[in-house]
Amino acid sequence: MSATTPFDLTSFLAARTALVNHALDRFLPSEATRPATIHKAMRYSLFAGGKRMRPALCLAAAEACGGNPKHALPPACAVEC
């Protein structure tokens, strides 16, 4: 019987959080885009902090089904908005 590697939840969540944060940054308009006040508020609310558990679960579900988690980034970001 082969030994299994223990699952590191902290590393898993950190990696998925980084993916989601990068994708959210790309998907959202910059703070300078008009109307700047609205876009600044959108960015503030999304990047004020959080664990990003909902997107991590979305990406984990994609991986569990054999999919590429990068292909699941749009729906993962959508559940965070």
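Where a number appears in this text, it was derived from the coordinates with a stated rule and is not lab data. Predicted, not measured: the structure shown is a model, and the values here were computed from it. Every residue, glycine among them, receives a Cβ derived from its backbone with ideal geometry; neighbour counts consider all protein chains shown.
Odds and ends about this structure:
- Backbone phi angles across region 50-66, fed through the Karplus curve with coefficients 6.51, -1.76 and 1.60 (θ = phi - 60°), yield HN-Hα couplings of x, 8, 6, 5, 4, x, 4, 5, 4, 5, 5, 5, 4, 5, 4, 8, x Hz in residue order; Gly and Pro are listed as x.
- Relative to the Cα centre, the charge distribution of region 12-78, modelled as +1 at Lys and Arg Cβ and -1 at Asp and Glu Cβ, gives a dipole magnitude of about 120 debye.
- Equivalent ellipsoid dimensions for the chain as semi-axes, Å, which come from the Cα gyration tensor, largest first: 31, 13, 9
- Cα long-axis angle, helix 36-47 against the chain (0 to 90 degrees, to the nearest 10): 20
- Taking GLU63, GLU80 and counting other C-beta atoms within 10 Å, the order from fewest to most: GLU63, GLU80
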